[in-house]
Amino acid sequence: MSAPGRHRRRQFDIWPGFVDALTSLIMVMIFLLLLFAIGQFVLSDALAGKSRTLATLNLRLDELGRQAAMSEAERKAAAARVAELLARMGLVTEERDQLKSRMDEQNERLTALNNDILALDALRRQLEEQVTQLASRLNAADQNNQGKDLRIADLDRQLKLALASRANELEKYRSEFFGKLREALGNREDVRIVGDRFLLPSDILFSSGSAELGSDAQARLGKLVNTIRDVSQKIPDSIDWVLRIDGHTDRVPIATDKFPSNWELSTARAVAIVKWMTGQGIPARHLSANGFAQYQPVDPGESPEALARNRRIEIQLTNR
């Protein structure tokens with residue numbers, strides 16, 4: 001075989017090996033690509049798993065964050081509650097101390113009261129003993145006083161009899177006095193005797209709204225004075241008599257500078273009569289002047305006649 005032929009045969013022989021080598025290389029590259037793809041898949045899957053795990057972890061972290069936030073709020077609320085309970089505990093402790101102090105004071109007072117009760121009980125026993133002694137003495141004194149009581153009752157009876165006797169004796173002179181006085185005044189219809197009183201209309205002695213005794217009034221009172229002298233000479237010295245002169249007005253009010261009310265007018269009239277009688281020699285110790293204004297009427301009516309009857313001077317011969 002010629003040289004060119006051999007050269008072409010050698011070239012042809014190299015190419016299949018190259019192709020095989022290239023094929024092997026390609027197969028290696030394909031294998032490597034396959035390995036890389038598998039690796040990529042595995043890594044992708046692992047990365048996806050990590051991503052899911054990371055997402056799960058993020059969710060858990062968020063949940064833990066919310067729980068942590070809630071726990072913090074609960075912790076603060078619990079702390080506030082604890083602080084409130086501590087404050088209330090302090091108040092309760094203070095109140096307990098105050099109550100204990102008050103209880104101690106009450107115990108002290110109770111002890112003092114018990115002591116006072118014991119002292120009072122001892123005093124009660126002493127008083128009971130004294131009362132027993134006094135009762136015994138009173139019983140003895142009662143026995144002695146029974147006779148004295150009988151004697152006092154007898155003396156009281158005798159005194160009442162003596163007073164009644166004197167009253168009866170004065171009544172005799174009073175009747176004589178009123179009889180002579182009525183005769184001296186001329187048996188006027190407006191002059192009345194009511195019980196133990198001699199009623200004399202003030203109009204025959206005084207002008208309206210006046211307490212001055214005119215000449216006619218003095219002449220009438222002169223007869224009264226003479227009657228008093230005659231009767232008083234017969235009254236025993238043992239009878240302490242007095243002639244009361246009482247002034248009365250009607251209900252018509254008076255209001256003057258001299259007599260601001262009926263009190264002053266009625267009293268002034270009684271005093272004027274008493275003073276005039278003392279000037280005529282009647283002892284002042286046997287005379288009494290009183291004013292009653294309009295407050296003791298003998299006639300409750302409103303007629304002029306009723307008002308005239310209420311304007312009066314009452315004369316009463318009585319015991320002092």
At a threshold of 8 angstrom on Cα-Cα distance, excluding pairs fewer than six apart, so keeping six or more, what relative contact order does segment 172-290 reach in percent? 26 percent
Residue by residue through segment 201-218, the couplings from Karplus 6.51 cos²θ - 1.76 cosθ + 1.60 with θ = phi - 60°, in Hz, x for Gly and Pro, are x, 5, 5, 7, 10, 10, 6, 4, x, 10, 10, 8, 8, x, 5, 5, 5, 5
Under 15 Å from Lys223, Cα to Cα: aspartates and glutamates that are on another chain or at least 8 residues apart: Glu176, Glu183
Could you list which residues have their amide H under 5 Å from that of Ile193, counting only those 5 or more apart in sequence or on another chain, with H placed in the peptide plane? Leu199
For Ile313, the residues 5 or more places away or on another chain with a placed amide H closer than 5 Å to its own amide H are Leu200, Ser202
If a/c stays under 1.5 just call it rounded; otherwise compare a/b with b/c (prolate if a/b is bigger, oblate if not). Do that for segment 231-291, with a ≥ b ≥ c from the square roots of the Cα gyration tensor eigenvalues. prolate
Report Val28's accessible area, 1.4 Å probe, all protein chains in place, as a number in Å² to the nearest 10. 70 Å²
Radius ratio Rg over Rh of segment 65-144, counting only Cα atoms, Kirkwood formula for Rh: 1.75
Any lysines with Cα under 21 Å of the Lys258 Cα? List them, leaving off those in the same chain fewer than 8 positions away. Lys275
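The values are calculated or read from the model by the stated rules, or taken from the named source; none is laboratory data. In this text the structure is predicted, and so the values were computed from the model without any measurement. In case anyone asks, the SASA skips ligands and DNA or RNA and just uses the protein heavy atoms, side chains included. Shrake-Rupley method; radii C 1.70, N 1.55, O 1.52, S 1.80 Å.
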